[in-house]
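S.K.: Please find one structure pasted underneath; my questions will follow.
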Amino acid sequence: IQGVADFYITIAGSSPPTVKGFVRLIRLDMREPFATFAPEEEAEVLEDSTQWNLELSVLATNNLWVKNTETGFALEGAADMELKGDLLVSREKGIYNTLGHLDVIRGDFYLGSLKFKIKKGEMVFNNITDIDPQINFDVTTRVRSGTIFGQGSNSTNLNLIITGTLTEPGIGTAKGSEYSTENIWVILLPSIIFGGEGTGSTSSFIMNNLGK
């Protein structure tokens, strides 16, 4: 993760002091895979009263980029997208909290070897213990009709709604879609199984979604 930002901060207090202020992101590039932000199972949150406290308002009007298609795991989602929004980042006794909302300006979302254009999307940071936002992406791609019905070469739109969290996305049919859930998985399974890496994650991702 790297970027450029303007900082307007004050430091006050003691034992420990608190850093308060405003951060305006000029550009930020995040290239880490989404799995990096997954909470560790049964991880113990340890307080550290020696770390400085933080209260920072972060604003990005554009140029907040997620580009993890090369390092990310397309099986469970990877992206090349630009976002904007506001976040409140705080830290008290060494424990971080993140609250806020980011909107997708433009970009693509990847599942297996399939590339979906994001028509609209958002990330909502409402779990203060984990940096793993709720997502709501309306995405589309073109597929050949013969992929499902076995005949024909015409292309149609495959529209999906991707919800859940960034590290555990859930897939559903968009409103008004001509495809059923079963149709969607006929298309997605080959792409996910043969387009992803790692059978353990493949099994987990498929079972989590097929069980919904």
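The values are calculated or read from the model by the stated rules, or taken from the named source; none is laboratory data. Predicted model, so just to flag it, every value in this text is computed and none were measured. Here the Cβ is made from the backbone with ideal geometry for all residues, glycine too, and neighbour counts use every protein chain on show. For the accessible areas, the whole protein counts, side chains as well, though only heavy atoms, and no ligand, DNA or RNA atoms are used. Shrake-Rupley method; radii C 1.70, N 1.55, O 1.52, S 1.80 Å.
S.K.: Less than 18 Å from a label point 7 Å out along the Cα-to-Cβ axis of E55: which backbone N atoms in segment 85-101 qualify, by residue?
M.R.: Residues 87-100 fall inside that zone.
S.K.: Just subtract the alpha-carbon distance of N136 and T18 from 0.36 nm times their residue separation and send over the number in nm, one decimal. Let's see the in-between values first.
M.R.: On the way: separation 118, 0.36 × 118 = 42.48 nm, distance 3.41 nm.
Here the segment from N136 to T18 would lengthen by 39.1 nm.
S.K.: Determine the order of M81, M30 by accessible area, beginning with the largest, at a probe radius of 1.4 Å.
M.R.: On the way: M81 0, M30 20 Å².
Accessible-area ranking of M81, M30, largest first: M30, M81.
S.K.: Shifting gears a bit: Between I95 and T69, what is the label-to-label distance in nm when each label sits 7 Å out along the Cα-to-Cβ direction?
M.R.: 4.0
S.K.: Might you work out the accessible area of E82 for me, using a 1.4 Å probe with all protein chains in place, and round it to the nearest 10 Å²?
M.R.: Surface open to solvent at E82 totals about 10 Å².
S.K.: Report the full-extension gain for the segment N62 to V4: residue separation times 0.36 nm, less the Cα-Cα distance, to one decimal in nm.
M.R.: 19.6 nm
S.K.: A further question on this structure: Expressed in nm to one decimal, what extension gain is obtained for the pair V186 and D48 from 0.36 nm per residue of sequence separation less their Cα-Cα distance?
M.R.: Values: separation 138, 0.36 × 138 = 49.68 nm, distance 4.96 nm.
Between V186 and D48, full extension yields an extra 44.7 nm.
S.K.: Do any of K93/K120; K93/K117; K67/K175 go past 30 Å between their Cα atoms, and which? The partial results should precede the final answer.
M.R.: Numbers: K93/K120 37 Å; K93/K117 41 Å; K67/K175 28 Å.
The pairs that break the limit, which is 30 Å between Cα atoms, are K93/K120; K93/K117.
S.K.: Got a sec? What order do K175, K119, K67 fall in by accessible area at 1.4 Å, biggest, i.e. largest, first? Don't skip to the answer; put the middle values down first.
M.R.: Details: K175 210, K119 120, K67 55 Å².
Largest to smallest exposure gives the sequence K175, K119, K67.
S.K.: Suppose accessible area is computed on protein heavy atoms with a 1.4 Å probe; arrange F125, F22 from highest to lowest. Could you put the intermediate results ahead of the total?
M.R.: Numbers: F125 25, F22 70 Å².
So the residues, ranked largest to smallest area, are F22, F125.
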